[in-house]
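Comments concern the structure below.
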Amino acid sequence: MAGNWKMFKTPAETIAFFEKFRPLVEKSEHCEIVICPPFTNLSAAVDAVKGSPIRIGAQNIAWAKEGAFTGEISGPMLLAAGATHAIVGHSERRQYFGETDATVLKRTQAALEYGLTPIVCVGERLEEREGGRTEDVLKKQFADGIAGLTAAQFARIVIAYEPVWAIGTGKTATPEIAADAHRAIRGEVRAKFGKDAADAVRILYGGSVKGDNVKTLMAQPEIDGSLVGGASLEAVSFASIVNF
């Protein structure tokens, strides 16, 4: 269960969140819990979860180790801050900041090189869904953004399916629609990396996940967890998702 805080919270608000959140999930051993705050809150978050099973991730990672890349943060910097995960290729990065499948692959490889677990995002926009092109889009994003990994690298990634039309819109893919997309992604994995890899890879659903719909989503065998946006900003609400 991963929370993506996007561009919200200060370090002080981060500490306050974890004071509330930690006791609510201290017995939650059924899943891995990862929260991805803004870069400026990483140190505060890492300190706040010490001694708990909660992991802290970044919302992006540079493909280079260092250099003239103004505004980027590298794998070694994230590791030094105590991060264990990094979101790669989120739809907002693709939509607003020119992220491509090719740069998604480079960022994923960089995360793996520095021992971070990449949460690699794929998903279709509204016009692609309405045009009946969901599977084509997922196929292309997989082929150009993930399939270039070696089998050993692939075994260390998490995939997140986010229907872009359901992010922050209040629209949610029905559990069946979500499961169909997860099945299509798993089919691509099976074709490229084999059955064992397809069975083992965790595919998270991210698209307006909330406490009141998480149960029906998680009841789908194809869905292995959630990448949660807005509902992860409030401790009680995210804990109710973790403890679905």
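The values are calculated or read from the model by the stated rules, or taken from the named source; none is laboratory data. These numbers were taken from a predicted model, which means no experiment stands behind them. In this analysis, Cβ positions are derived from the backbone assuming ideal geometry, glycine residues included, and neighbour counts consider all displayed protein chains.
Can you pull out the residues in region 5-29 that are at pLDDT below 95 and farther than 17 Å from G51 by Cα? If the condition is that a residue be at pLDDT below 95 and farther than 17 Å from G51 by Cα, then no residue fits. The single condition among (1) farther than 18 Å from A86 by Cα; (2) surrounded by fewer than 15 Cβ atoms within 10 Å (Cβ to Cβ) that A155 does not meet is (1). The residues of region 22-53 that are among the acidic types (D, E) and closer than 16 Å to T84 by Cα, listed by number, are E32, D47. Would you call M1 more than 24 Å from D144 (Cβ to Cβ), buried (at least 17 other Cβ atoms within 10 Å of the Cβ), without any contact (Cβ under 8 Å) to a residue 24 or more places away in the chain and among the hydrophobic types (A, V, I, L, M, F, W, C)? Taking the combined requirement at face value, the residue does not satisfy it. Can you name the residue in region 187-239 that is in contact with a strand residue (DSSP E or B) (Cβ under 7 Å, 6 or more places away or on another chain) and among the hydroxyl-bearing types (S, T, Y) and is also surrounded by the most Cβ atoms within 10 Å (Cβ to Cβ) among such residues? It comes out as Y205. Candidates are the residues of region 160-169 that are β-branched (V, I, T) and assigned to a loop (DSSP other than H, G, I, E, B); the one that is farthest from G207 (Cα to Cα) is T169. Looking at T150, is it among the polar types (S, T, N, Q) and surrounded by 14 or more Cβ atoms within 10 Å (Cβ to Cβ)? Answer is no for this residue.
Look through R133, R107, R94, R129 and report the one residue that is at pLDDT below 95 and among the charged types (D, E, K, R). Outline the logic, then answer.
On the way: R133 fails: at pLDDT below 95; R107 fails: at pLDDT below 95; R94 fails: at pLDDT below 95.
Of R133, R107, R94, R129, the one residue that is at pLDDT below 95 and among the charged types (D, E, K, R) is R129.
A search for C-beta distances below 7 Å between a residue of region 163-188 that is within 17 Å of Q141 (Cβ to Cβ) and any residue that is polar (S, T, N, Q), counting only pairs 6+ apart in sequence or on different chains, returns V164/S91; A166/T172; A166/S208; I167/S91; I167/S208; A178/Q220; A181/T134.
Filtering region 216-235 for residues that are in a helix (DSSP H, G or I) and in contact with a Leu (Cβ under 9 Å, 6 or more places away or on another chain) leaves a non-empty set. From the residues in region 170-186 that are in contact with a helix residue (DSSP H, G or I) (Cβ under 9 Å, 6 or more places away or on another chain) and among the basic types (K, R), which one is surrounded by the fewest Cβ atoms within 10 Å (Cβ to Cβ)? It comes out as K171.
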